Amino acid sequence: MQADWSTFWPKVVDATGETVYMVLVTLALSAVLGMAVGLTLYATRKGGVLPNRLVFAVLNTLVNVVRPVPFVIAIVALSPVTRGVVGTMIGTDAAVFPMVVVATFGVARIVETNLLSVESGVIEAARSMGAGPLRILLTVLVPEALGPLVLGFTFMLVALIDFSAVAGTVGGGGVGNLAMTYGYLRFDTSVMVVAVAVLIALVQLAQLLGNALARKVLRR
Amino acid sequence: MTAVIELRDVRKTYPGKHGTEFTAVDGVSLTVAEGTVLGVVGHSGAGKSTLLRLVNHLEVPTAGRVLVGGRDLTALDERGRRAVRRSVGMVFQHVNLFRSRTVLGNVAYPLRLAGTPRAEARRRALEVLRFVGLEDRARHWPEQLSGGQRQRVGVARALATSPKVLLCDEATSALDPQTTREVLELLRRVNTELGITIVLITHEMDVVRFLCDQVAVMSEGRVVENGEVYEVFARPRHPVTKVFVRSALGDPPEGEALERLRGRHPGRLVTVPVTRDAPGAAHLSRLLREHRVDFTIAHAGVGEVRDAALGSVTLELRGAEGDVDAFVAALDAVRTTAKAVVNAG
C-alpha cells in the first residue's frame with residue numbers, strides 16, 4: 001500500500017516537530033542534571049577540589065551501571081518509573097523521561113572527562129589567589145573546558161536524535177514512530193526513506209551548529 | 001626590619017607506598033625581612049617547590065608554624081587561609097594564565113575574587129598592566145602574547161590585589177635569556193618601586209646574584225646554607241652551595257684546568273681574588289708597577305653579585321726572578337680575608 005503524500009507530508013512535519021521537541025527538552029534537562037553530576041564527580045574524586053570518597057563511589061557506580069544498558073532496554077526497565085513520574089508510558093513526554101535519565105549520566109561522564117583535561121597549574125593559580133572549590137569549579141574549570149564541553153554536548157545532541165528515534169519505535173512519537181508505523185509495519189519504503197532523510201538532516205544541523213559554536217569558543 | 005615571613009621548624013611529609021613516608025621539607029626555619037628578596041636554590045627534588053607552597057599554605061605543613069605578616073597560618077581554617085592568600089601573590093614557571101579570559105580578564109580575576117566591583121577591578125587591572133608595560137595588550141588573548149609578555153601578565157595578575165609578598169616559582173626557568181632578563185628587571189622594579197617582599201625559587205644562580213638580598217640553599221628538604229647573597233657567593237661552605245656558586249662564576253683554575261694553563265703559560269702563575277673586601281686586586285696595578293713586574297691574564301672569572309664584583313684573576317708574571325718574588329711577598333702582605341694563591345711552577 002502506498003501512502004497518500006498530500007495527507008502524509010503534514011504528518012512528517014508534525015513528527016519532525018515532535019522529535020525536535022523531545023531532543024531539545026532532553027538536552028536542556030540532561031545538560032543541567034549531567035553538569036551537576038559531572039561537576040560532583042570531578043570535585044569529589046581523590047585529589048579533587050572537594051574530595052569525598054562516599055559521594056564519588058556512589059555516583060561513579062551509578063554512572064557505570066546506567067551507561068552500558070542499551071537504550072531500548074532502559075525504556076522498558078524504566079517504564080514503571082516513567083508512569084509514576086510522567087503519568088503515562090506512551091507519547092513524547094513519556095519518551096523524554098528515560099532519555100533524560102540515560103543522557104544525564106552520559107553528559108556527566110563527558111563533563112567529568114573534559115574537566116580532567118584542564119591543566120592543574122591553572123587550578124593552583126586560582127587557589128593561590130584565594131579561590132574556594134565552588135569558585136574554582138564555576139569560574140575556572142567550566143570556562144577553561146568550554147570548547148571541549150561544547151563538542152561533548154554536540155556529541156550528546158546527535159546521540160539524542162538517535163535515542164528519540166529508538167523511543168519512537170516503542171510508542172514515543174516523532175520521526176522514529178513515523179518510520180515504524182508507516183514504513184516498517186506497512187512496508188512502505190518511501191516513508192522509511194523520508195524518515196531517514198529527516199534524521200540525517202537533523203544530525204547534520206546539530207553537528208554544524210555545535211562545531212560553529214565550539215570554533216567560536218576556542219577562537220580558531 | 002620586621003620579618004614579613006617566618007617559618008619555624010616547618011616539616012612536610014607525604015604518605016608513600018607501603019606505609020612509608022616521604023619527607024619533602026625537613027625542619028626548615030627561615031625569616032624574610034620586609035622589602036627584601038630571598039632566593040631559594042637547590043637541585044630538583046630538594047624541596048624548594050614545597051617550601052614555597054608552605055608559605056601561602058597551598059600545602060599545609062605536617063609540623064611547625066608559618067607566619068605571614070605576623071598572622072599564624074597554621075592556626076587558621078581553610079577560609080582564613082584563603083583570605084591570607086589574597087595578600088600573597090604567586091607567579092608560576094608555566095605562567096598558568098586562564099585561556100578563557102583576556103589579558104584584562106586574567107588580571108581582574110583575583111580582584112573580582114576579592115569582591116572588588118567590576119568597574120573598580122577593571123581600573124586597577126589596567127593600572128597594574130601599565131606597571132608591567134602591557135596596557136595596550138589588555139584586550140588580547142593569552143595565546144596572542146610572547147612568552148615574556150605572558151609572564152609579565154602573570155606578574156601583573158599576582159600584583160593586582162596589592163599583596164605584601166610575591167612568591168615566584170621558577171618564574172624565568174622556561175624563558176630564553178633575553179626574556180629572562182625582561183622578567184628579572186620587572187621583578188626588581190616590583191621590589192624596589194613597590195617595596196614588595198619577594199621569595200623566589202630557582203636553580204639559576206644568575207637569577208640569585210641579579211635579584212636577591214638573601215639566599216637559602218636547600219638539599220634533601222633542609223636549608224644547608226643561608227645568608228647574605230654576596231657572603232654566600234664569596235665564601236660558600238656547603239658542598240651543594242659550592243656547586244651552585246661555581247656554576248655562576250668562572251672558578252679559579254684547579255687540578256687539570258691548572259695543568260692546561262701551565263702548559264700555555266710557563267711563567268709564575270698567581271691567582272688574585274676579586275672581592276668587595278679584598279684589597280689585593282685594588283693594589284695590583286700599583287704593586288706591579290713598583291716591582292717592575294709585567295703580566296699576562298691567564299684566566300679570569302669575575303662577575304657582578306648584588307652590584308659588587310666577585311671572582312678571581314690568574315696572572316702569569318714576567319720579570320726578573322727577584323722582582324717577581326718581591327711582588328708576590330708584597331701582594332701577600334696586603335691580603336686581608338682572601339689570600340692570593342701562588343701557583344708555583
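The values are calculated or read from the model by the stated rules, or taken from the named source; none is laboratory data. These figures come from a predicted structure and were not determined experimentally. Ideal geometry is used to build each Cβ from the backbone, glycine not excepted, and the neighbour counts take in all protein chains shown.
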Condition (residue is surrounded by fewer than 22 Cβ atoms within 10 Å (Cβ to Cβ) and more than 14 Å from every other protein chain (Cβ to nearest Cβ)) applied to region A:142-151: is it met by at least one residue?
yes
Just to check your reading of the model, which residue among B:44, B:49, B:29 is of a type outside the set (Asp, Glu), modelled with pLDDT under 90 and either over 11 Å from residue B:199 (Cβ atoms) or not in a helix (DSSP H, G or I) (or both)?
B:44
Among the residues listed as B:124, B:85, B:137, the single one being at negative phi and either within 13 Å of chain A (Cβ to nearest Cβ) or not charged (D, E, K, R) (or both)
B:85
Within the bounds of region A:3-10, is there any residue that is of a type in the set (Val, Ile, Thr), at pLDDT below 90, within 30 Å of residue A:172 (Cα to Cα) and surrounded by fewer than 19 Cβ atoms within 10 Å (Cβ to Cβ)?
yes
What about residue A:118, is it of a type outside the set (S, T, N, Q) and part of a loop (DSSP other than H, G, I, E, B)?
yes
Identify the residue in region B:277-327 that is touching a residue at least 12 places away in the same chain (Cβ under 8 Å) and among the hydroxyl-bearing types (Ser, Thr, Tyr) and, among all such residues, is farthest from residue B:266 (Cα to Cα).
B:312
Filtering region A:114-126 down to residues that are free of Cβ contacts under 8 Å to residues at least 24 places away in the same chain and either in contact with a strand residue (DSSP E or B) (Cβ under 9 Å, 6 or more places away or on another chain) or among the hydroxyl-bearing types (Ser, Thr, Tyr) (or both), which residue is farthest from the other protein chains (Cβ to nearest Cβ)?
A:120
Quick check on region B:280-318: of everything there that is in a loop (DSSP other than H, G, I, E, B) and modelled with pLDDT under 85, which residue is surrounded by the most Cβ atoms within 10 Å (Cβ to Cβ)?
B:306
Single unsatisfied condition, residue B:206 versus (1) surrounded by fewer than 21 Cβ atoms within 10 Å (Cβ to Cβ); (2) in contact with a Leu (Cβ under 8 Å, 6 or more places away or on another chain); (3) closer than 30 Å to residue B:130 by Cβ; (4) not small (Gly, Ala, Ser):
(2)
I'm trying to understand the selection: among the residues of region B:56-104, which are closer than 24 Å to residue B:9 by Cα, touching a Leu at 6+ places or on another chain (Cβ under 8 Å) and either of a type in the set (Asp, Glu) or touching a residue at least 60 places away in the same chain (Cβ under 8 Å) (or both)?
B:56, B:66, B:67, B:88, B:89, B:90
Selection from region A:124-135 of residues that are crowded, with 19+ Cβ neighbours inside 10 Å and of a type in the set (A, V, I, L, M, F, W, C)
A:125, A:126, A:129, A:131
Answer from A:75, A:90 - the residue that is more than 15 Å from residue A:23 (Cβ to Cβ), away from chain B (no Cβ under 14 Å) and crowded, with 22+ Cβ neighbours inside 10 Å
A:75
What do you reckon, is residue B:143 over 20 Å from residue A:128 (Cα atoms) and in contact (Cβ under 8 Å) with a residue 40 or more places away in the chain?
yes
Only one residue in B:103, B:95 is closer than 25 Å to residue A:218 by Cβ, surrounded by 21 or more Cβ atoms within 10 Å (Cβ to Cβ) and more than 9 Å from chain A (Cβ to nearest Cβ). Which one?
B:103
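So that you can scan it fast, the table gives a plain yes or no per residue for (1) in a helix (DSSP H, G or I); (2) crowded, with 23+ Cβ neighbours inside 10 Å; (3) under 21 Å from the mean Cα position of the chain (by Cα); (4) within 14 Å of chain A (Cβ to nearest Cβ):
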position	(1), (2), (3), (4)
B:151	yes, yes, yes, yes
B:154	yes, yes, yes, yes
B:157	yes, yes, no, yes
B:175	no, no, yes, no
Are any of the residues in region A:37-49 modelled with pLDDT of 95 or more and closer than 16 Å to residue A:102 by Cβ?
yes
In region B:193-212, what residues are at pLDDT 95 or above and among the acidic types (Asp, Glu)?
B:193
Answer with yes or no whether residue A:50 is in contact (Cβ under 8 Å) with a residue 24 or more places away in the chain, surrounded by fewer than 18 Cβ atoms within 10 Å (Cβ to Cβ) and not in a helix (DSSP H, G or I).
yes
Give, as residue ranges, the helices (runs of 4 or more DSSP H) completely inside region A:122-182 that count at least 2 residues that are more than 21 Å from the chain's Cα centre (by Cα).
A:133-136
Return the pair list, or none, for Cβ contacts closer than 6 Å from residues in region A:207-220 that are surrounded by 15 or more Cβ atoms within 10 Å (Cβ to Cβ) to residues that are hydroxyl-bearing (Ser, Thr, Tyr), at least 6 apart or on different chains.
A:210/A:154
